[in-house]
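Colleague: Take a look at the following structure, please.
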């Protein structure tokens with residue numbers, strides 16, 4: 001019997017078109033998965049079952065009439081609780097936000113999803129104001145991993161990754177300011193893309209500024225490309241929004257990697273990987289070479305920009321707290337409080353120095369991509385650790401950046417970066433392969449991820465909690 005919660009969007013919509021499945025059946029299956037599994041992992045802060053079924057019935061009518069709204073019509077989808085969503089509270093994991101509302105607005109990505117008939121299931125968990133690389137908050141608690149509920153899902157889009165991984169919806173949309181869609185994708189064995197900055201418009205603007213991206217979270221690269229088609233497009237509420245693309249990200253997706261020049265950097269020149277992570281990533285790189293890519297093992301040639309990133313990130317955190325008054329820090333995550341306090345002491349000169357590091361990093365990567373079409377790295381140097389912890393035991397720092405050093409540099413440069421599953425460790429935990437391209441090369445990044453995915457079975461594995 002087919003598990004409706006594991007079908008990708010393109011198979012769902014093909015079945016809707018020929019009448020062999022209904023969006024109502026598929027939405028019921030997603031809601032049943034939430035009922036069965038979310039108590040174990042805490043992926044959702046809000047589920048609107050009645051609303052979702054009403055949307056699914058409307059989608060069913062459209063499909064039967066031959067009037068579908070496209071590739072997202074009837075696809076069960078969740079929204080990270082950072083994005084404004086009309087009629088639902090957006091609490092951002094914080095006790096500082098009142099639930100009462102009103103909530104009249106949709107963020108651009110939510111409006112896009114509505115416009116194509118996606119079935120909106122609910123809002124997914126996030127750490128407070130999406131400030132860190134794991135998902136827990138004083139308001140909503142911690143989110144577990146689909147492969148072991150006692151391990152972290154990563155973050156800050158951990159609720160979305162866990163929801164997608166467990167079949168609690170086919171798609172989700174997350175934010176990524178320092179790795180926040182890619183970190184949980186790697187930890188949960190799912191797929192996530194941080195697009196080129198500005199490709200997916202944001203409103204309201206993130207307090208973390210132009211580090212923050214929005215992107216698709218799915219179980220397959222094809223779904224990520226299809227969902228990206230929905231999410232992109234100019235929105236005049238975002239001063240940095242790019243023009244609407246004129247072609248689909250599905251075009252050429254299966255063209256392979258033959259002839260592409262790929263740089264493989266196992267550690268960016270400054271990281272250190274768990275042995276099993278390195279083994280699995282090297283094996284994945286061998287697959288890309290076997291598919292015809294020209295692969296060189298080479299570092300891109302920059303030092304760890306973590307101190308500059310901290311200046312940019314912590315000042316953003318300070319801006320988050322500013323609007324909630326002088327007593328706000330009494331009611332926030334202790335780690336966020338520390339970040340805010342550090343951000344408040346940053347001078348304008350220090351901020352400009354960090355911005356200069358960022359600009360130089362972008363220049364270096366631009367030069368690097370004159371030679372190489374893509375850069376491939378591990379998404380993370382480690383696998384998931386205990387839920388409720390900001391860093392694994394033995395980490396040199398409790399900052400989440402201490403174990404995610406392959407993620408945040410590419411927020412600073414605004415490049416597209418994809419995480420795709422590339423294997424399981426002996427302990428049965430997922431490992432992610434990161435594919436990075438020059439700015440505006442999102443289609444090439446997706447094509448390489450799809451080429452790898454098409455030759456492996458990692459993306460089709462069912463997580464332990466769902467299988468049981």
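The values are calculated or read from the model by the stated rules, or taken from the named source; none is laboratory data. All figures in this text were calculated on a predicted structure; none of them were measured in a lab. Quick reminder, even Gly has a Cβ in these numbers, built from the backbone with ideal geometry, and neighbours come from all protein chains shown.
Colleague: Find the residue count for segment 385-413, including only residues that are farther than 23 Å from residue 280 by Cα, in a loop (DSSP other than H, G, I, E, B) and in contact with a strand residue (DSSP E or B) (Cβ under 8 Å, 6 or more places away or on another chain).
Modeller: Residues flagged as farther than 23 Å from residue 280 by Cα, in a loop (DSSP other than H, G, I, E, B) and in contact with a strand residue (DSSP E or B) (Cβ under 8 Å, 6 or more places away or on another chain) within segment 385-413 amount to 3.
Colleague: Name every residue in segment 283-295 that is buried (at least 16 other Cβ atoms within 10 Å of the Cβ) and either in contact with a helix residue (DSSP H, G or I) (Cβ under 7 Å, 6 or more places away or on another chain) or over 21 Å from residue 371 (Cα atoms) (or both), in order of residue number. Explain how you work it out, then say what you get.
Modeller: Filtering segment 283-295 down to residues buried (at least 16 other Cβ atoms within 10 Å of the Cβ) leaves 284-285, 287-288, 291, 293, 295.
Listed by number, the residues that qualify are 284, 287, 288, 291, 295.
Colleague: If you don't mind, another one. Would segment 426-439 turn up any residue that is out of contact with any strand residue (DSSP E or B) (no Cβ under 7 Å at 6 or more places or on another chain) and within 27 Å of residue 254 (Cβ to Cβ)? Don't jump to the end; show me each part of the working.
Modeller: Going residue by residue through segment 426-439, those that are out of contact with any strand residue (DSSP E or B) (no Cβ under 7 Å at 6 or more places or on another chain) are 426-429, 438-439.
Still in the list and also within 27 Å of residue 254 (Cβ to Cβ): 438-439.
Yes: one or more hits.
Colleague: Please verify whether residue 292 is farther than 18 Å from residue 408 by Cβ and assigned to a loop (DSSP other than H, G, I, E, B), treating the condition exactly as stated. Steps first, please.
Modeller: Details: farther than 18 Å from residue 408 by Cβ: yes; assigned to a loop (DSSP other than H, G, I, E, B): yes.
Answer is yes for this residue.
Colleague: Sticking with this structure for a sec: For segment 367-384, indicate whether the set of residues that are assigned to a helix (DSSP H, G or I) and closer than 27 Å to residue 188 by Cα is non-empty. Give the derivation first.
Modeller: First, pick out the residues of segment 367-384 that are assigned to a helix (DSSP H, G or I): 367-371.
If we keep only those that are closer than 27 Å to residue 188 by Cα too, we end up with none.
Looking through segment 367-384, none of the residues is assigned to a helix (DSSP H, G or I) and closer than 27 Å to residue 188 by Cα.
Okay, residues lined up against (1) farther than 18 Å from residue 10 by Cα; (2) touching a strand residue (DSSP E or B) at 6+ places or on another chain (Cβ under 7 Å); (3) in a loop (DSSP other than H, G, I, E, B):
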position: 227; (1), (2), (3): no, yes, no
position: 235; (1), (2), (3): yes, no, yes
position: 241; (1), (2), (3): yes, no, yes
position: 245; (1), (2), (3): yes, no, yes
position: 250; (1), (2), (3): no, no, yes
position: 254; (1), (2), (3): no, no, yes
position: 270; (1), (2), (3): yes, no, yes
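Colleague: Out of the residues in segment 192-224 that are part of a loop (DSSP other than H, G, I, E, B), under 19 Å from residue 128 (Cα atoms) and in contact with a helix residue (DSSP H, G or I) (Cβ under 6 Å, 6 or more places away or on another chain), state the one that is modelled with the lowest pLDDT. Can you show your working first?
Modeller: Keep residues of segment 192-224 that are part of a loop (DSSP other than H, G, I, E, B), which gives 195-208, 212, 219-220.
Checking which are under 19 Å from residue 128 (Cα atoms) leaves us with 202-208, 212.
Cutting the leftovers down to in contact with a helix residue (DSSP H, G or I) (Cβ under 6 Å, 6 or more places away or on another chain) gives us 203, 207-208.
On the way: 203: 97, 207: 93, 208: 96.
So, considering only residues that are part of a loop (DSSP other than H, G, I, E, B), under 19 Å from residue 128 (Cα atoms) and in contact with a helix residue (DSSP H, G or I) (Cβ under 6 Å, 6 or more places away or on another chain), the one modelled with the lowest pLDDT is 207.
Colleague: On to the next question. Among what's in segment 392-406 and is in contact with a helix residue (DSSP H, G or I) (Cβ under 6 Å, 6 or more places away or on another chain) and farther than 17 Å from residue 177 by Cα, pick the residue that is surrounded by the fewest Cβ atoms within 10 Å (Cβ to Cβ).
Modeller: Per the stated criteria, the residue is 396.
Colleague: Could you please find all residues in segment 61-82 being in contact (Cβ under 8 Å) with a residue 24 or more places away in the chain and over 29 Å from the mean Cα position of the chain (by Cα)?
Modeller: Of segment 61-82, the ones in contact (Cβ under 8 Å) with a residue 24 or more places away in the chain are 62-64, 68-82.
Matches in segment 61-82: 62, 63, 64.
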